[in-house]
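Reading through the structure tokens given below for one structure.
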Amino acid sequence: MYNWKKLQNGSDIRGVALDGVEGEQVNLTPAVTATVARAFVKWLQAKKKVNKLVIAIGTDSRLSGNDLKAAFEDGATECGAVVLDCGLASTPAMFMSTVDDELAVDGGVMITASHLPFNRNGIKFFTSEGGLDNCDIAKILDICASGDIAAPASGGKVVNCAFMKKYCGNLVNYIRKGVNSTDDYEHPLKGMHIIVDAGNGDGGFFANDVLKSLGADISGSQFLEPDGHFPNHIPNPENKEAMQSICSAVIKSKADLGIIFDTDVDRSAIVDKEGEPINRNTLIALIASVILREHPKSIVVTDSVTSDGLTEFIEKNGGIHHRFKRGYKNVINEGIRLNKEGKECWLSIETSGHAALKENYFLDDGAYLAAKLIVEAAKLNKEGKELRDLISDMRQPAESKEIRLNITTDDFKAYGQHVLDELGRTLASEKDWQIVKPNYEGIRVACTAVDENGWFLVRMSLHDPVMPINIESNVKGGVGKIEKRLKVIMAKYDKLK
């Protein structure tokens, strides 16, 4: 029996699509992808209550992308669906196809595995309501397992669609209107030097079709050509090598600003003219400062590992910091939930760079985030200022560290929860350590001793048999003291290595 459930990775489907990595067996084949397509058609027919569907599909630069895309098209068209083939595309563009009035698309599909290695691939799905949730993916895979997939039907066909051109045009118009330059409306970025590092993923379009057409100097941009081997570095703003690459490129080219995207462009990060990265907590602070000026008192939803300095910054700028769970869909869905409750939230953002804005369908779109920050940069440039000035007063920790403990037992979720339950009771009685509430993931502890002066978070990984521990301190040597003390307490858990 084929293990369909193994393909689920939260709200995505992911698997091994190519041979070449020892110990990793291919399980996302064209045949499997065609079955997933038929199951998605059946699921979407039930959701939309129609039999004839229009589905838009795109792929990132992965080596297996075109084969899997073709297989998905075969499966969907056999069931009577009209498939709009958008070719090399970004994940956010595939969502935007579902809200485009001219296309009248019922569902969007992206063949991507984000920043994972070259041999992996996956599938993301969208409707006009947003990306599918975990339960939706589970239902689609249940349909695959049951064999009760959509019946063959006539009328299915594949139509080429240049939607990326329209998507880029929308970003260009957004920046033009946002900067609203009286000097040169068509080229509001003239005189600015902005470079892009696409990591040989899909983000090269942002340099050539967005920035350049707005008058920006993009010389020094790198790795814009799609190449599924990812020969230069992993396209991932969280990867140290990737960030160092764009930082060095900004310094070398003497650019005003650098932008780096992940493979499918749903994440991005910024580098200032000094070659210093603006990512993770500083990226959240930067976009929060803009959002809170536009929407005072807005809630800002983040994941659980954000710093105390970020909380202070958000509150100082008139906002409310709502620290939630890891996982970009968790963060996005929490923002949507708060708004439904009547609590104004305009920004949901994870430290990984997934940033979803209410003004943009709560879609995590790295290109839209970059565009919004470029509008701000262009306005500041006229005043002789830069983006870094907006977060100059944000308090930074003296030290930070992440420890990842492997859980060496098959029933790792139950064991991890057992550890957290016991640990919560133990830590509650520790001197100078206070458990932080409210807290939505793991155990967060404030460390108030003068020589520690920080916090730590112990939690379970979303999908893996791992227990990460994040530690921050405002004093030199504080992280080591917190870590040493915590290790003594956790030493009895012999399944943590």
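The values are calculated or read from the model by the stated rules, or taken from the named source; none is laboratory data. All of these numbers come straight from a predicted model, not from anything done at the bench. Every residue, glycine as well, gets a Cβ built from its backbone with ideal geometry; the counts of neighbours run over all protein chains shown. Quick note on the areas: whole protein, heavy atoms, side chains included, nothing else; ligands and nucleic acids left out. Shrake-Rupley method; radii C 1.70, N 1.55, O 1.52, S 1.80 Å.
Annotations for the structure displayed:
- Filter result for G309 (assigned to a helix (DSSP H, G or I), open to solvent by less than 10 Å² (accessible area, probe 1.4 Å) and touching a Pro at 6+ places or on another chain (Cβ under 7 Å)): yes
- I471 being touching an Asp or Glu at 6+ places or on another chain (Cβ under 9 Å), assigned to a helix (DSSP H, G or I) and either in contact (Cβ under 8 Å) with a residue 12 or more places away in the chain or among the hydrophobic types (A, V, I, L, M, F, W, C) (or both): no
- Pairs with Cβ under 8 Å, 6+ apart, first in region 447-463 and more than 17 Å from E402 (Cα to Cα) and outside any strand (DSSP E or B), second open to solvent by less than 30 Å² (accessible area, probe 1.4 Å) and aromatic (F, W, Y): T448/W433
- Matching residues, region 337-364, being over 26 Å from T263 (Cα atoms) and either of a type in the set (V, I, T) or open to solvent by 20 Å² or more (accessible area, probe 1.4 Å) (or both): R337, N339, K340, E341, G342, K343, E344
- Hits in region 436-454 - residues which are touching a Gly at 6+ places or on another chain (Cβ under 7 Å) and either open to solvent by 50 Å² or more (accessible area, probe 1.4 Å) or not β-branched (V, I, T) (or both): C447, D451, E452, N453, G454
- Only one of the numbered conditions (1) within 30 Å of N119 (Cβ to Cβ); (2) open to solvent by 40 Å² or more (accessible area, probe 1.4 Å) is not met by P235, and that is (2).
- Enumeration of residues in region 383-403 that are of a type in the set (K, R) and in contact with an Asp or Glu (Cβ under 9 Å, 6 or more places away or on another chain): R388, R395, K401
- Conditions (1) open to solvent by 30 Å² or more (accessible area, probe 1.4 Å); (2) assigned to a helix (DSSP H, G or I); number of the one not met by I482: (1)
- Verdict on K325 being basic (K, R) and under 21 Å from the mean Cα position of the chain (by Cα): yes
- Considering (1) at pLDDT below 95; (2) open to solvent by less than 20 Å² (accessible area, probe 1.4 Å), the lone condition that A89 does not fulfil carries the number (1).
- Residue pairs meeting the criteria (Cβ under 7 Å; at least 6 apart or on separate chains; first under 26 Å from N121 (Cα atoms), in region 211-229; second of a type in the set (S, T, N, Q) and in a loop (DSSP other than H, G, I, E, B)): F223/N200; F223/N232; E225/N200; P226/S61; P226/N200; D227/S61; D227/N200; G228/S61
- Only residues that are crowded, with 21+ Cβ neighbours inside 10 Å and part of a loop (DSSP other than H, G, I, E, B) were counted across region 157-191, and they come to 2.
- Odd one out for K431, checked against (1) closer than 23 Å to G477 by Cβ; (2) in contact (Cβ under 8 Å) with a residue 24 or more places away in the chain; (3) outside any strand (DSSP E or B): (2)
- Answer residue from region 243-266, given it is aliphatic (A, V, I, L, M) and surrounded by fewer than 24 Cβ atoms within 10 Å (Cβ to Cβ) and is farthest from M96 (Cα to Cα) among those: I251
- Here P397 meets each of (1) over 30 Å from A207 (Cβ atoms); (2) not in a loop (DSSP other than H, G, I, E, B) with one exception, condition (2).
- Test result for E315, closer than 29 Å to K401 by Cβ, open to solvent by 50 Å² or more (accessible area, probe 1.4 Å) and without any contact (Cβ under 8 Å) to a residue 24 or more places away in the chain: yes
- Residue in region 114-136 that is part of a helix (DSSP H, G or I), open to solvent by less than 60 Å² (accessible area, probe 1.4 Å) and on the phi < 0 side of the Ramachandran plot present: yes
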